[in-house]
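Contents: one structure, followed by commentary.
The values are calculated or read from the model by the stated rules, or taken from the named source; none is laboratory data. Bear in mind the structure is a predicted one, so any value in this text is a computation, not a measurement. As a convention, Cβ positions derive from the backbone with ideal geometry for all residues, glycine included, and neighbour counts pool all protein chains shown.
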Amino acid sequence: MGFDSGEGLPTTRDVRDLHYVWPAGSFQMDWPALEKRLAGRAQLILGNISETGSDWQPPADAPLGAVLFDLDLYTSTRDALPLLTKSNVLPRVWCYFDDIFGDNPEMALTDFIGEGAAVREFNDHPDRSILRDNVSPARIFDGMMSEAWHQKMYIYHRLSHPQYEICLSEDMHQLRLIA
């Protein structure tokens, strides 16, 4: 499942959208070429996420468990984050933010512009948090070079989810005394 305007980045008036890096119209889609490559259950919803995301619900047989945010702009990311609050969303959801930081010096990303600002504002709610994943990259990629994308992985925690506190481990976490 994917969302895209199909028209490239939208025109906005919010300075947090980093138009000095990504001007409006950037990343226009070649819909006929892309449509030929979509296979199986892949689906693309075309339109501005602020409009198309409000009516979308995760399918009953496929709860939302991972989201790759490649929206570039503060406003687009802000408008997409409510997808995480829909029904049929797992209590913890893997999130990837491609532009939460980068090596492009003119971006100078902080928590007050771009994707970082949208995440910071979304977290201003007692029921939810999107937090950087500080454990999995070290565990999953142990012994391998850390890639930049590992640092862009976050986990959404929906604290009020009815299954949030169900223990995921079968281990009793008991430390044994050594004589």
Could you say which residue among 44, 68 is among the aliphatic types (A, V, I, L, M), closer than 30 Å to residue 166 by Cβ and in contact with a strand residue (DSSP E or B) (Cβ under 9 Å, 6 or more places away or on another chain)? 68
Subset of the range 1-30 (residues that are modelled with pLDDT under 90 and more than 22 Å from the chain's Cα centre (by Cα)): 20
Would the range 53-64 turn up any residue that is surrounded by 12 or more Cβ atoms within 10 Å (Cβ to Cβ) and closer than 12 Å to residue 5 by Cα? yes
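What strands (runs of 3 or more DSSP E) completely inside the range 34-125 contain at least 2 residues that are more than 16 Å from the chain's Cα centre (by Cα)? Break it down stepwise before answering.
On the way: elements: 44-46, 64-69, 89-97.
In the range 34-125, the matching strands (runs of 3 or more DSSP E) lie at 44-46.
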